[in-house]
Amino acid sequence: STPVYNPYTTVVDSNGAVVSRKQFPGNKIPTGQINVVGQKIANLYGTPTRGGQGGNDVNNFARQGTDTTINDKFDWRIDWNQNPKHRLFVRMSDRLREGDTPSCFFCNGADSNYANHDDGAQVVVNDTYTPTPTWVIDTYGAYSRWLEGQDLVDGGAGNPGSIGLNKDLFQISMLPIVHATNYTSLGNQYSSFDRYVRYSSTGLIDVTKQLNRHTLKLGFNYDVSMINHRSDWPGIFDFSGQFTSCAPTGNGQPCKASNSGAGTTGNAIADMLLGIGSGGGADINMDPAFSAHSMGMYVQDDWRISPRLTLSAGLRYENQRPATERYNRVAYFDLGAVNPLSTAYGSTLKGAFEYAGVDGRGRNSWEPDNKDFGPRLGIAYRVTDKLMWRVGAGMFYAPASAMLSFDGGGQSPGYTAHTTWLSTSNNGFSAGNLVNNPFPNGMNQPTGNKLGAMTYVGDGTSQLWPKLPHPVGTIYQWSMDFQYQASPNSVAEIGYTGVRGRKLMFGNPNFDLDQLPTGDLSLGSKLDQNVTNPFYGIAPSNTYLGSQKTIAYNELLRPFPEYTYLIQTRSLPGARSQFDALNVKYQYTFHGGLSSITTYQWSKNLDDGSEALLGWTIGGSWRDAYNPKLDYALSTHDVPQSF
């Protein structure tokens, strides 16, 4: 079996270096040293169902189960021709139940499998009014709600009280998530209890006026998107095997203890039985309620200049309003604000968080962009009776936010709280707080906005919104194609499409506002030298900078030295994209109504944004209410063309 060592026999020399540990007698932990909570956590693992492999009995548990999938939906629609001028329809789509439930295998609250369950509904009302043969007024309204939920399959079967802890220790009364090196995880932190509820409301009106050679169109839309997001996590306990390990040194010398995970000695379950972890903690998350409003209007003219030439021109204006949170639980980081720590520090420190709705500030999560005009132009020209040429270009606008509500720490600083399990001491060689009392000083509680500009001073955060211009991503698109009628029954087409995206969202940029200036890299090893920490004693004592007497010199050279890191949000604009495509198409119509369409595309796409570019977007849309169609097709079968 794998040797396990007693962490309480660790020997440290005069320089603070660990020399050795002694193995447990008989390679067995004495009953008196077994931690009652650690024992109950270990008991959550199922009884082995077969013989294991190796010293850690790998693959000693296997069971089979069944998954259940449910999908109940219905749709209905009513059409009503009220009179020759009015047509109305109402449609509803309802997803009563949709989801899957996997099997549980431990069935005691510690399975890592989770169930998905969704439901949602959409109602649409559309009215078309034709007061005269040359006027058409179309109004449209829609409302939808979508709930996506996730739960551990047996999450209700256990709670902290089941393993000897206070049943109300964590934000949600569930067993903690347990990670043990070389063993399967217990629980799933990302799907313990999640509820994502999204609402979308849309209203629009389109008006068309037919003149002799002109078709005039204009319209307006207003959209409201909302999301309520609840994600409750229990605590997280990690065990690595480092405290019961000791690496052989050879030459008859004592083995050397390590502050890293288990190797050929030590065992994570042995650490667990002793109640000594390698890390973890617990979060208190907020339940954000974000909303984003957007509006747009357009005007368009399709002008048949001659039987051979048609010109289509239009202009669209969009305004995607910055997101807001129902209770103003958001903040942005002002790079130019004077930090209140400046007085104690003795010189000016720049950078501070500012909260929505405080001291006369607005509710917006970022700066608005009010100049989004999108011109579009299209030309269709019949070169000969068999050859048609088309060209078109336009500007479009991408969503203004991504992953909204998923990063409460940075978007809503102070409204979430994390408590670290201080499970180690002596640089990771000795035990800290044991698992039976992981948070002896209690759980850190959210402070809300009461710390004001002192929020995160001495520490750092990710996913913050900087107080900077927030332009909406712009999409430039153009295309040109030729269509040739090769025979009475066939049409060939070749064309090019180009798209350029500018000021798009980066998605997951990991751009640190507090990054060391590149000019200071010439200092070399001096950057890592320890110097007196000027923030010790003046920054909050429960933060990194407030509790360290010395810090690395490079930390004082950063743009905002009173913070440790400041990572910007997924919604940071500035990414670029490029798309080019050659399109070839051939359509042939056989006798009797059978048709065949053959297409080929060669394309190339480049971008410097991440795959989370559009993520869980609720703000804005790629709506194109102005979408002209040039219907000068060469085929006698009249295939509409668009750009």
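The values are calculated or read from the model by the stated rules, or taken from the named source; none is laboratory data. Predicted model, so just to flag it, every value in this text is computed and none were measured. Glycine also receives a Cβ, built like all others from the backbone with ideal geometry; neighbour counts cover every protein chain displayed. For accessibility, only protein heavy atoms count, side chains too; no ligands or nucleic acids. Shrake-Rupley method; radii C 1.70, N 1.55, O 1.52, S 1.80 Å.
Name the shape class, rounded, prolate or oblate, that the alpha-carbon gyration tensor gives for region 353-434, where a ≥ b ≥ c are the square roots of its eigenvalues, rounded holds for a/c under 1.5, and otherwise prolate holds if a/b is larger than b/c and oblate otherwise. Cα axes put region 353-434 in the oblate bin. In order along region 129-140, the Karplus-derived 3J(HN,Hα) couplings, from 6.51 cos²θ - 1.76 cosθ + 1.60 at θ = phi - 60°, round to 10, 10, x, 9, x, 9, 10, 9, 10, 10, 10, 9 Hz, and Gly and Pro are given as x. Peptides 297-308, 104-115, 524-535, ordered by how many other C-beta atoms sit within 10 Å of their residues on average, highest first, read 104-115, 297-308, 524-535. Protein heavy-atom accessible surface, 1.4 Å probe, per residue over the chain: 49 Å². Here the dipole of region 122-188 is about 180 debye; that uses its Cα centre as origin and unit charges on the Cβ of Lys and Arg (positive) and Asp and Glu (negative). The listed peptides 225-236, 547-558, ordered by packing as a protection proxy, come out as 225-236, 547-558 (highest mean of other Cβ atoms within 10 Å first). For the pair Q64 and A486, a Förster radius of 51 Å applied to the C-beta separation gives a FRET efficiency near 0.30, rounded to the nearest 0.05. For the chain, the carbon plus sulfur part of the accessible surface works out to 53%, probe radius 1.4 Å.
Here r is the Cβ-Cβ distance between N71 and V124 and R0 is 22 Å; the resulting FRET efficiency, rounded to 0.05, is 0.55. Our helix-only sum for the chain, with -39,500 (n - 2.57) per DSSP H run of n ≥ 4 divided by its residues, gives a mean residue ellipticity at 222 nm of -1000 deg cm²/dmol. For region 7-132, the residue among L88, N35, V123 whose Cα projects farthest onto the positive side of the dipole built from Cβ charges is N35.
Given +1 at the Cβ of Lys and Arg, -1 at the Cβ of Asp and Glu and no other charges, the dipole of the chain around its Cα centre is 820 debye to the nearest 20. Across all directions, the shadow cast by the convex hull of the chain built on its C-alpha atoms averages 40.3 square nanometres. Around the Cα centre of region 510-592, unit charges on the Cβ atoms of Lys, Arg, Asp and Glu (plus for the first two, minus for the last two) sum to a dipole of about 260 debye.
Distance between the 7 Å Cα→Cβ label points at K549 and K28: 4.6 nm. Farthest toward the positive end of the dipole of the chain, out of T310, S294, Y600, is the Cα of T310, where the dipole comes from beta carbon charges about the Cα centre. Of the peptides 444-451, 22-29, the order by per-residue mean of other Cβ atoms within 10 Å, starting with the highest, comes out as 444-451, 22-29. Ordered from highest to lowest accessible area with the whole protein assembly present and a 1.4 Å probe, L521, L165 read as L521, L165. Among the listed pairs K371/K604; K371/K467; K371/K503; K209/K386; K256/K526; K217/K371, those with a Cα-Cα distance over 20 Å are K371/K604; K209/K386; K256/K526; K217/K371.
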